[in-house]
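The values are calculated or read from the model by the stated rules, or taken from the named source; none is laboratory data. Nothing here was measured: the structure is a model prediction, and the numbers come from that model. Cβ placement follows ideal geometry from the backbone for every residue including glycine, while neighbour counts extend to all protein chains displayed.
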Amino acid sequence: MNKKKVISDFPKSFYKGKKVFVRVDFNVPINLENDSIREDYRIRRALPTIDFLIDAGAKVILGSHLGRPKGKIVKDLSLNIVAKRLSELIDKKVVFVEDFIGSELSKKLDDLSDGSVIMLENLRFHKEETENDSGFSSELAKLGDVYVNEAFGTSHRAHCSTYGMTKDFVDKISGFLVDKELSFVSKMMRTPEHPFLVIIGGSKIKDKISALGNLLESADKILVGGGAAYTFLKANGVNIGDSIYEEEMIDWVKDVFNKYKEKIILPIDHIVSKDFNKSSQCSISDISIPSGHMALDIGPKTIELFNSIIKGPGYIFWNGPMGVFEFEQYSSGTIHVARAVALATWRGATSVVGGGETIAAIRKAEVLESEISHMSTGGGALLEYLGGSSLPGIEILD
Ligand code: AMP
């Protein structure tokens with residue numbers, strides 16, 4: 001893919017007085033009990049782009065989705081709370097607009113002063129958004145003179161705000177975050193520094209096979225933990241007790257294992273339990289898991305083994321937790337891996353961590369954002385891109 005234009009490729013004067021529609025990904029987790037934002041990382045990550053445009057004198061129109069309202073107005077999924085948080089972060093008024101379709105908004109925007117910031121209500125309150133409806137696309141397009149994509153995590157979707165509306169724009173540019181995502185991922189796909197280490201976890205392999213297929217070729221070592229490891233172990237004839245695995249992936253895994261045996265490192269012990277809950281009794285099991293037990297984290301010997309490999313320098317890509325890290329007693333493997341990746345980064349490795357769960361795990365391990373080279377905001381989009389799919393929201397950019 002050719003390099004995409006980024007907002008700083010144009011002089012600031014280009015934006016002065018223009019209405020710039022920025023598709024952001026403010027799909028943040030909300031605490032419904034006290035109506036607060038649990039984690040504002042995705043908002044903070046868009047600030048360099050928003051600040052740049054304000055400073056350039058643009059009128060910044062922000063569009064995003066939040067959750068899955070499925071075309072209906074869902075009060076708990078209003079972006080009003082996000083507009084307020086953004087206003088605090090940029091120390092500036094953010095005009096929140098609920099009704100932006102078929103209204104006079106476009107003309108009203110012309111009257112706003114340069115540097116104003118407008119946040120639209122949840123785009124997915126309109127069912128047309130995800131249907132890539134041409135009428136809805138045109139309505140959105142009327143709101144801006146320039147289009148900016150700052151929502152890498154939604155770029156694999158051909159929705160109105162990521163795809164359909166862009167045909168009405170001459171200038172379709174990437175924001176700083178999308179540009180950073182693309183440069184890290186392209187580098188990883190084309191010329192990663194070696195040793196190139198891939199760490200895969202999480203519950204499912206199925207969503208990750210295209211990405212894994214591509215990475216296996218260039219990686220020097222692949223560490224497999226989390227639920228994903230048990231399909232590998234079962235395919236190797238190891239007793240996995242009641243641990244999760246994907247029957248339909250067994251043949252694929254056998255194939256991959258035959259081809260890349262020397263590269264793939266699997267857990268050699270586990271933390272197991274008879275029950276899946278946050279206060280369940282647990283114990284350490286060696287590689288073969290007793291029947292009636294499920295593995296919910298990697299064991300201490302595996303942590304030691306993985307730690308000895310995650311050293312740096314080189315390139316490290318990590319996607320998916322090593323266990324059910326949401327429960328305290330099964331979080332040790334993930335926390336150790338997070339800390340090892342941070343240490344490897346200090347030793348000169350380039351580290352890319354992707355997927356919402358993995359970023360939550362980084363927080364739990366008290367690893368700082370600055371200790372990871374790049375924390376990708378794209379889960380599904382990242383995996384699709386790594387798997388070689390073209391992302392509609394990226395393809396349309398200049
Ligand atoms: P994914 O979306 O595929 O990256 O999966 C993330 C989820 O995998 C997390 O919520 C973990 O709780 C879960 N997970 C990780 N390891 C295991 C395991 N051994 N058994 C069951 N679930 C797991």
Of the listed residues (Glu371, Glu366), the one being out of contact with any Cys (no Cβ under 6 Å at 6 or more places or on another chain), away from the ligand (no atom under 14 Å from the Cβ) and on the phi > 0 side of the Ramachandran plot is Glu366
Filtering the range 144-167 for residues that are buried (at least 22 other Cβ atoms within 10 Å of the Cβ) and aliphatic (A, V, I, L, M) leaves a count of 3
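Matching residues to (1) within 18 Å of Ile30 (Cβ to Cβ); (2) surrounded by fewer than 14 Cβ atoms within 10 Å (Cβ to Cβ); (3) modelled with pLDDT under 95; (4) among the polar types (S, T, N, Q):
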{"site": "Lys92", "(1), (2), (3), (4)": "no, no, no, no"}
{"site": "Val95", "(1), (2), (3), (4)": "no, no, no, no"}
{"site": "Asp110", "(1), (2), (3), (4)": "no, yes, yes, no"}
{"site": "Ser138", "(1), (2), (3), (4)": "no, no, no, yes"}
### Message
Residues that are at pLDDT below 95, part of a helix (DSSP H, G or I), surrounded by fewer than 24 Cβ atoms within 10 Å (Cβ to Cβ) and aliphatic (A, V, I, L, M): does the range 338-360 have at least one?
### Response
yes
Over the range 161-215, the set of residues among the acidic types (Asp, Glu) and either assigned to a strand (DSSP E or B) or more than 16 Å from the ligand (Cβ to nearest atom) (or both) is Asp168, Asp171, Asp179, Glu181, Glu193
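Residue check: is Ser288 modelled with pLDDT under 95, more than 14 Å from the ligand (Cβ to nearest atom), more than 19 Å from Asp220 (Cβ to Cβ) and surrounded by fewer than 21 Cβ atoms within 10 Å (Cβ to Cβ)?
Judged against the criteria, Ser288 is not a match.
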Within the range 374-398, the residues that are outside any helix (DSSP H, G or I), surrounded by fewer than 21 Cβ atoms within 10 Å (Cβ to Cβ) and away from the ligand (no atom under 16 Å from the Cβ) are His374, Gly388, Ser389, Ser390, Ile396, Asp398
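Yes/no matrix, rows are residues, columns are (1) more than 16 Å from the ligand (Cβ to nearest atom); (2) within 24 Å of Lys208 (Cα to Cα); (3) at pLDDT 95 or above:
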{"residue": "Asn258", "(1), (2), (3)": "yes, yes, no"}
{"residue": "Pro267", "(1), (2), (3)": "no, yes, yes"}
{"residue": "Lys278", "(1), (2), (3)": "no, no, no"}
{"residue": "Ser283", "(1), (2), (3)": "no, no, yes"}
Scanning the range 9-50 for residues that are closer than 26 Å to Leu386 by Cβ and either among the small types (Gly, Ala, Ser) or free of Cβ contacts under 8 Å to residues at least 24 places away in the same chain (or both) gives Pro29, Ala46
The lone condition Val148 fails out of (1) modelled with pLDDT of 90 or more; (2) over 26 Å from Gly312 (Cβ atoms); (3) in the same structural domain as Ser376 (by TED's automatic domain parsing) is (3)
Of the residues in the range 293-317 that are within 15 Å of the ligand (Cβ to nearest atom) and assigned to a loop (DSSP other than H, G, I, E, B), the one that is nearest to Gly378 (Cα to Cα) is Gly299
Residues in the range 63-119 that are within 17 Å of Arg38 (Cα to Cα) and small (Gly, Ala, Ser) total 4
